[in-house]
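First the structure, in the form of structure tokens, and then the observations on it.
The values are calculated or read from the model by the stated rules, or taken from the named source; none is laboratory data. Values in this document were obtained by computation on a predicted structure and should not be read as measured data. Cβ sites come from the backbone with ideal geometry, for glycine too, and all protein chains shown count toward neighbours. We work out accessible area using only protein heavy atoms, side chains counted, and drop any ligands, DNA or RNA first. Shrake-Rupley method; radii C 1.70, N 1.55, O 1.52, S 1.80 Å.
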Amino acid sequence: MLKNPFKRKPKPPQVTIGGESVLVAPMDLEQTIKLTLLLSPHLAVIEQHLPRIQRMLKDTSGQRPQLLRALFATMREELADMPGDIFQAFAILLDKDTEWLAERRATATDLIEALPVLDQVNDFSALYAAVGGYGLTLRYRQNQPETGGK
Amino acid sequence: MVGYLDIIGDDQQAAIILAGQPVMVDRARFGRHIQLLKRSKTFLDALQLGPMAAVRACQNYIDLAVPDEPLLPQASGVELFYATGILIELNDWRAVAHWLDPNLNTEQMGSDAPAPYHYQDRFWATWVHKLASRYGWSRDEIFALWPEEAAYYMQEIQIAEYYEREDDRALSQVSYKYNKATKKSKFVPTPMPSWMINQAPPEPVRTNAAHLPVGVTFAEDQ
């Protein structure tokens, strides 16, 4: 059988949401800035508390999950808006409405599995570096009160 | 401290990624630099206002910083957003001349109300006015300078103006104050701007040993 002389076009990246295949395209500038401003307060919370969480996991070798739950309980107010905003962030990344995601009954597994493809298309490390460079997380960190004792 | 000869060197570029391709961008000269300063401030302020204002401001900045770049329409949002940060850093001041340093300018800059003949961006118009008056350059020649180069020339002009004023004033009786008690005249030099005066080093703060922390301290991220 002769080989097809025409080069195959690479398949566009796609993810599966609620059983439906969705093509992933790079975000435009408006989507990028909307995503950045939406997630900056939560990135500030993560940056502020991540060293403490990592130290706790290291000291307990991950064997004391109740300590982690207790820490998250003290952060309940700070984390209140995070799930909704992250759901909206996925909608922006997929260029869909949140209603569309809800109708497809997008599961947490769908969204987590979509992350590597979304990262490959949009380069999250560059986005995170830009967020830090513009001082967006620093602004929120300076406005946050200390929680959960040292 | 970046010196004059470092500033006028030619290798002032930065690399950005557009549509996956590296693009070298030249640093803006004085004319475009002052416009970019204004647009970068608009963009950074707009990031606090909301996404739509920030998008418009970001587009405005990139259109001026990278004019006529064919890859711009194909670049992704993340590339443009990241590139804007690199370009803002590229086109920022690399050195602050003494006369512009807010730490060295301790005089009050006049009353809060602007003069009746004030207009927006008058500060930059005075640069063009002084450089053109002193050196006979055109506006295009002035706008082709490096930003710090223009600032250094402005500093030299102001230093020369001070000493010329001092020479003129020293020849008149205005600079001699008569003391009726001693019946002698004393020379009063022309007041020098604070940035021209050697700044005394700050006095060390002496702390009572009993108030110093005791023990070994760690930073939180260690």
| Picking from A:D81, A:D110, which residue would you name as being in contact with a Pro (Cβ under 9 Å, 6 or more places away or on another chain), charged (D, E, K, R) and more than 14 Å from every other protein chain (Cβ to nearest Cβ)? | A:D81
| Within the stretch A:34-73, can you find the residues that are without any contact (Cβ under 8 Å) to a residue 60 or more places away in the chain and either in contact with a Cys (Cβ under 7 Å, 6 or more places away or on another chain) or small (G, A, S) (or both)? | A:S61, A:G62, A:A70, A:A73
| said: Looking only at residues that are open to solvent by 20 Å² or more (accessible area, probe 1.4 Å) and hydroxyl-bearing (S, T, Y) in the stretch A:120-137, which one is nearest to the other protein chains (Cβ to nearest Cβ)? | reply: A:Y134
| Quick one: is A:A70 in a helix (DSSP H, G or I), of a type in the set (G, A, S) and either within 14 Å of chain B (Cβ to nearest Cβ) or under 14 Å from the mean Cα position of the chain (by Cα) (or both)? | no
| task | Any residue in the stretch B:77-96 that's within 12 Å of another protein chain (Cβ to nearest Cβ): show its pairings with residues that are among the polar types (S, T, N, Q) and open to solvent by 10 Å² or more (accessible area, probe 1.4 Å) at Cβ separation under 7 Å, as long as the two are six or more apart or on different chains. | result | B:G77/A:Q31; B:I88/B:S40
| task | Looking for whichever is open to solvent by 40 Å² or more (accessible area, probe 1.4 Å) and under 27 Å from B:H129 (Cβ atoms) here; the options are B:R39, B:R56, B:R27. Which one fits? | result | B:R39
| Candidate set from the stretch B:127-151 (those that are small (G, A, S) and over 22 Å from B:G3 (Cα atoms)); member that is least open to solvent (accessible area, probe 1.4 Å) | B:A132
| request: Starting from the stretch B:27-44, take each residue that is farther than 18 Å from B:M154 by Cα and list its partners that are basic (K, R) and not in a helix (DSSP H, G or I), counting only C-beta distances under 9 angstrom and pairs at least six apart or across chains. | output: B:R27/B:R94
| Whichever residue in the stretch A:28-67 is basic (K, R) and more than 30 Å from B:L47 (Cβ to Cβ) and, among such residues, is farthest from the chain's Cα centre (by Cα) | A:R64
| message | Step by step: first the residues of the stretch A:27-67, then only those that are of a type in the set (S, T, Y) and within 12 Å of chain B (Cβ to nearest Cβ), then the one that is surrounded by the most Cβ atoms within 10 Å (Cβ to Cβ). Which residue is that? | response | A:T32
| request: Evaluate the stretch B:67-77: report whether one residue or more is open to solvent by less than 20 Å² (accessible area, probe 1.4 Å) and more than 11 Å from A:L29 (Cα to Cα). | output: no
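So that you can scan it fast, the table gives a plain yes or no per residue for (1) in a helix (DSSP H, G or I); (2) out of contact with any strand residue (DSSP E or B) (no Cβ under 6 Å at 6 or more places or on another chain):
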site	(1), (2)
A:E78	yes, yes
A:D85	yes, yes
A:A91	yes, yes
A:K96	no, yes
A:L101	yes, yes
A:A106	no, no
A:D110	yes, no
A:V117	yes, no
| task | Among the residues of the stretch B:40-76, count how many are within 9 Å of chain A (Cβ to nearest Cβ) and of a type in the set (D, E). | result | 0
| Among all residue pairs at least 6 apart or on different chains, which show Cβ distances below 8 Å where the first residue, located in the stretch B:118-145, is part of a loop (DSSP other than H, G, I, E, B) and the second is open to solvent by 50 Å² or more (accessible area, probe 1.4 Å)? | B:D121/B:K38; B:A144/B:R29; B:L145/B:R29
